[in-house]
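Student: One structure is given below, represented as structure tokens, and several questions about it will come after.
The values are calculated or read from the model by the stated rules, or taken from the named source; none is laboratory data. Note that the structure is a prediction, hence the values are computed from the model and not measured. We work out accessible area using only protein heavy atoms, side chains counted, and drop any ligands, DNA or RNA first. Shrake-Rupley method; radii C 1.70, N 1.55, O 1.52, S 1.80 Å.
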Amino acid sequence: MSEQLEIVTDLQTLIVEPDAGKRQLLCEIIASWGGDPQAVADFSSAYTEAEYAIDINRPFNLYILDCQVSSEAAVNLISRMAGLRHSSTTPILLSGCSERDNIDAKLMGNHPYAYLGRHITPSGLLDGIMSVSKADQVIGNNDKATAHKGLKPKRKLQILLAE
């Protein structure tokens with residue numbers, strides 16, 4: 001695994017996606033990077049999962065929310081989750097929507113957030129994670145390595161990326 005992907009190793013991610021195929025794809029991508037995804041189909045289940053994760057002392061480090069069906073419901077969930085301890089500043093990636101879909105930045109509160117768009121690719125997902133990540137907040141591994149910008153490969157890498 002490249003050092004850039006170490007930033008998502010052990011990343012506790014809650015995915016809220018009504019489409020089963022897309023939900024499975026997101027889980028597979030994150031799991032292939034060594035992350036720990038949990039996926040649900042609706043916003044009410046997401047809140048329950050977030051509460052449970054906090055209760056067992058494994059709060060999520062990242063939320064991926066589909067807002068294509070209802071951006072209003074996504075914002076309501078974000079507001080509710082902000083009231084949970086350990087969740088008020090958890091980064092959020094919004095899938096299925098873009099900046100043009102009227103999600104007001106003020107409604108996002110203190111959550112760092114980014115838009116993934118409607119068609120998610122592994123590289124787009126990684127870019128989204130990197131855009132909202134902070135060394136003390138998103139990195140899932142225990143040594144809290146430096147942010148991705150300061151990483152240097154140990155050896156020369158040859159990478160073929162096909163999507």
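Student: Using amide H atoms built 1.01 Å from N in the peptide plane, name the residues 5+ places from Thr9, or on other chains, whose amide H lies under 5 Å from its own.
Tutor: Those lying under 5 Å, H to H, from Thr9 are Gly140, Asn141.
Student: Also, I was wondering about something else. Classify the stretch 1-69 from the C-alpha gyration tensor, please: rounded if a/c falls under 1.5, else prolate or oblate depending on whether a/b exceeds b/c.
Tutor: oblate
Student: Here's a follow-up. Just subtract the alpha-carbon distance of Asp55 and Ser88 from 0.36 nm times their residue separation and send over the number in nm, one decimal.
Tutor: 10.3 nm
Student: Could you report the accessible area of Arg85 in Å², rounded to 10, computed with a 1.4 Å probe on the protein chains as they sit in the structure?
Tutor: The accessible area of Arg85 comes to roughly 140 Å².
Student: On full extension of the chain, what length is gained from Ala41 through Met130, given 0.36 nm per residue of separation minus the C-alpha to C-alpha distance?
Tutor: Difference between extended and current length: 29.6 nm.
Student: Let me cross-check Asp42: its accessible surface, 1.4 Å probe, with only protein heavy atoms counted, in Å² to the nearest 10?
Tutor: Ignoring ligands and nucleic acids, Asp42 comes out at about 60 Å².
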